[in-house]
1. Hey, can you tell me all the residues within the stretch 114-147 that are touching a Lys or Arg at 6+ places or on another chain (Cβ under 9 Å), farther than 24 Å from P79 by Cβ and among the β-branched types (V, I, T)?
2. From the residues in the stretch 127-159 that are of a type in the set (S, T, Y) and over 17 Å from A81 (Cβ atoms), which one is modelled with the highest pLDDT?
3. From the list G116, G70, G89, which residue is on the phi < 0 side of the Ramachandran plot and open to solvent by 20 Å² or more (accessible area, probe 1.4 Å)?
Amino acid sequence: MKKIILSIGFLVAMASFSGTEAANINVNINIGMQPAWGPVGYNYVAFYYFPDINVYYNVNQGLFHFPRGGRWVSARYLPGAYRHYDLYGLYKVVLTDNNPWRFNQRHMVDYRHFRGNRNQIVIRNSHDNRYRDSRRNEVRWYDDNNRGNNNGRGRDSDYGRNNGRDSKGRSTADRQHDSNRSSRDNNYREENKRTDRSSGRNDLKYAEVSRSENASRSSSERKSENKGDNRSSSRSEAGRSSASGRR
């Protein structure tokens, strides 16, 4: 009986250890959630800090944190003033602290020497097989619909469900971008069709006008020829009559 109890206790302990270990692995690895513009070499990232623009990015929630009006604001997209920055080129400092903007003054001093550094290798350019999924994770930092004019008024609800990404790893912004591009392509094709139809109608009108003008010219030419024949005939009759009178 004692051996049975010890065996059961051992199995329970092993199961608990395995569950804890698996949980730690899930918590400490988020490579698949890291954006394509993130730096290589990190199995887990909580936040990125951009020294060039003094902005933070929450990898797990997919939110940017930036200063506005004396406070820190979180939003899916950066405001329009940041639109022309290229996050693929800006240097990112990897942080593991929660709410790192609390230490922003220290970060601005400690990481200011990274400003202007453009030598960081990003995930999109990596050939490491660990990044096979995150290489396609093209997270946008601006909104195509309102040209990045995001005022940071609360977080988007999509990021409460699977980080706002579908089974292919595309974010809601990516899907919207693809939808807008498809719509623009369809509009372009429809416009071309309308232009072609309009061009065809113009060609038909031109052909009809040309035929009408040709017919009009032919009629005028025939009338002119008939008048010439009539004048010639009249002169011939007059000549014969004069000759007959002299005889």
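1. The answer is I123, and nothing else.
2. By that ranking, first place goes to Y131.
3. G89
The values are calculated or read from the model by the stated rules, or taken from the named source; none is laboratory data. Worth saying up front: this structure is predicted, and the values here are computed from it rather than measured. Cβ atoms come from the backbone with ideal geometry, glycine included; neighbour counts cover every protein chain shown. The accessibility values were calculated without ligands, DNA or RNA, using every heavy atom of the protein model including side chains. Shrake-Rupley method; radii C 1.70, N 1.55, O 1.52, S 1.80 Å.
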